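The values are calculated or read from the model by the stated rules, or taken from the named source; none is laboratory data. Since this is a predicted model, take the numbers as computed values, not measurements. When we count neighbours, we look across all protein chains shown, and the Cβ atoms used for this are built from the backbone with ideal geometry, even at glycine.
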Amino acid sequence: MSSHFQLSPELDRNKVFLVKCSELEGRMDANTYHPKRTNAIRKIINSKYSHQKLGLISTFSKIITSSIIDTDIYVGLENIESDTGVFIESSKKETISSAAIFTKGQVLFPKLRPYLNKVFYACFSGICSTEFHVLDSSIVANKFLAYFLSLDVVVIQTSLLMSGNTLPRLQTEDIKNLLIPIPPKEIQTQIVAKMDTAYAIKKQKEAEAQRLLDSIDDYLLDELGIELPEQEENTIQNRMFTRQLSEVSGGRFDPNYHFNIELITGHSANFEFIKLKDIIKYLPQYGANEPAVDGIRDCGIRYIRITDISENGELNNNSWKTAATIEDQYLLHYNDLLFARSGSVGRAYLHKDITEDSIFAGYLIRFIIDEAAANPDYIFFYCHSVIYKLWVNAIYRPAVQANINAEEYKSLPVPLPPIEKQTEIANHITKIRNQAKTLQQQAKAELEQAKKEVETMILGADEKKA
């Protein structure tokens, strides 16, 4: 009879596992010894190349500045795209009191939420959030280091080393202890070239996708017979205009509102402008005022928040949460239209996925379109047009957090063709968006394939797949 304790084969080995007492070192939390992490480390140790701890092959720069000027290029975590490390330019610079200095060719590695995989190889010099470690290696090429740190074999480890619930982060010592393979320089060069090519292909496909998406505005304006004037030079003379007192009495007095509303409705169009309130079945509804919590996706109810909705109105499936309390009154139905009332104010989402139950959060407002009067897809696509964005810019109230309430959304002017024309427009835009989405998915898939091939070049083939 065996004296070894064994787990039942019915248990999920990713949640329940055994560790020998002799294998315990340093941290005592279970995730440190999770099979996924130990297997990832074993793959690096068993690779054909020597390896060393990150802290021994890289310096961790700690140059901090509080002298920040407007011309500084600032990199926050929000400026780095997940899984790709691509820099996303932003005209907005958050209020910062201090930042880390980095130079071109260094590597920015995040301390916060490592599962988002936001490793950045600096292609310029600038300043960054102190939530990044600034790395510089004289042992391996920095670009090779950046590419390796973004591979699954590293993300699996760091995701299991996080501490803290609200702001899960990595301890510096855990980052310094990450094992880094050291291939010959010619192999590093081959890997960098392979990844550079994959990123170039990704960039090309995404540019093609963006050109398709950019064409939607021209198509929609043409179909609606709306011709917006060319943007005039920003002079005092061009910003001056007059209104009769009767036009503003009892309403908004700010000039930005009247200027943009005139741009939208003050020109000829093929169809009459109606207000959103004229084509809804019920009064708008604010969402649930509940905290988001972790849940089990396969059997839980999703809690859709503003942060889950992309600029194009698509759901981010990497941020699944449920709510602390579920109330039926907030359950979403097919073709429910949601608007963000603050934060990413004006953002719109049309609910289509009825394969899982979902409710919506309090900073979103639900509108239910009367489908006898309007096609929900047409209204949704209109709410991503340049005309709609002009209206948002006119209507929102500048404050610490911009806001558009339900009553203001009800006043949204919408050019309304006959229902058949709405459907024709919606079908055409759907086709364009699907073509763009296919290109984006191809770009992502090809980059992921390149990462897998690079991981195999460094660590060898996965024994389970071999």
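Go through segment 336-360 and report how many residues are touching a helix residue (DSSP H, G or I) at 6+ places or on another chain (Cβ under 7 Å) and more than 19 Å from Y388 (Cα to Cα).
Residues meeting the conditions: 2.
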Quiz prompt | Criterion: over 19 Å from I175 (Cα atoms) and either assigned by TED's automatic domain parsing to the domain that holds G343 or over 29 Å from the mean Cα position of the chain (by Cα) (or both) - qualifying residue of S58, S47 | solution = S47
Quiz item: So which pairs qualify, if the first residue must be in segment 415-436 and more than 23 Å from K277 (Cβ to Cβ), the second must be among the small types (G, A, S) and assigned to a helix (DSSP H, G or I), the Cβ gap must be under 7 Å, and the two must be at least 6 apart or on different chains?
Solution: I432/S215; A436/A209
Practice problem: Note down all Cβ pairs under 9 Å where the first residue falls in segment 295-319 and is in the same structural domain as A361 (by TED's automatic domain parsing), the second is of a type in the set (V, I, T) and surrounded by fewer than 13 Cβ atoms within 10 Å (Cβ to Cβ), and they're at least six residues apart or on different chains. | Solution: Y303/V293
Practice problem: Determine if segment 438-446 includes at least one residue that is in the same structural domain as S385 (by TED's automatic domain parsing), over 30 Å from P183 (Cβ atoms) and free of Cβ contacts under 8 Å to residues at least 40 places away in the same chain. | Solution: no
Practice problem: Give segment 453-466 a look and list any residue that's assigned to a helix (DSSP H, G or I) and touching a residue at least 60 places away in the same chain (Cβ under 8 Å), or say none. | Solution: E453, V454, E455, M457, I458, L459
Exercise. Determine which member of the set L263, L220, L276 is modelled with pLDDT under 95, surrounded by 15 or more Cβ atoms within 10 Å (Cβ to Cβ) and of a type outside the set (V, I, T).
Key: L263
Quiz prompt | Hey, I175 assigned to a helix (DSSP H, G or I), closer than 23 Å to I64 by Cα and not hydroxyl-bearing (S, T, Y) or not | solution = yes
Quiz item: Which members of segment 41-75 meet the condition of being out of contact with any strand residue (DSSP E or B) (no Cβ under 7 Å at 6 or more places or on another chain) and surrounded by 16 or more Cβ atoms within 10 Å (Cβ to Cβ)?
Solution: K43, G55
Exercise. Could you tell me whether A436 is crowded, with 16+ Cβ neighbours inside 10 Å, modelled with pLDDT of 95 or more, out of contact with any Pro (no Cβ under 6 Å at 6 or more places or on another chain) and under 30 Å from K185 (Cα atoms)?
Key: no
Quiz prompt | Filtered residue count, segment 279-301, keeping only those that are in contact with a Phe, Trp or Tyr (Cβ under 6 Å, 6 or more places away or on another chain) and at pLDDT below 95 | solution = 2
Quiz item: What tally of residues in segment 189-225 results from selecting those that are assigned to a helix (DSSP H, G or I), in contact (Cβ under 8 Å) with a residue 40 or more places away in the chain and either among the aromatic types (F, W, Y) or closer than 20 Å to V386 by Cβ (or both)?
Solution: 13
Quiz prompt | Counted residues, segment 348-401 - those being crowded, with 17+ Cβ neighbours inside 10 Å, under 21 Å from the mean Cα position of the chain (by Cα) and part of a loop (DSSP other than H, G, I, E, B) | solution = 5
Quiz item: Hey, I69 hits all of (1) under 30 Å from N318 (Cα atoms); (2) more than 25 Å from the chain's Cα centre (by Cα); (3) modelled with pLDDT under 90 but one; which does it fall short on?
Solution: (1)
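Return the residues of segment 106-121 that are in a loop (DSSP other than H, G, I, E, B), surrounded by fewer than 22 Cβ atoms within 10 Å (Cβ to Cβ) and in contact (Cβ under 8 Å) with a residue 40 or more places away in the chain; say none if nothing qualifies.
K111, R113
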Self-check item: Subset of segment 127-174 (residues that are crowded, with 21+ Cβ neighbours inside 10 Å, of a type in the set (A, V, I, L, M) and within 28 Å of D72 (Cα to Cα))
Solution: I127, V134, L135, L145, A146, L149, L170
Exercise. State the number of residues belonging to segment 140-156 that are among the polar types (S, T, N, Q) and assigned to a helix (DSSP H, G or I).
Key: 1
Practice problem: Inspect all residues belonging to segment 375-387 and state whether any of them is touching an Asp or Glu at 6+ places or on another chain (Cβ under 7 Å) and of a type outside the set (D, E, K, R). | Solution: yes
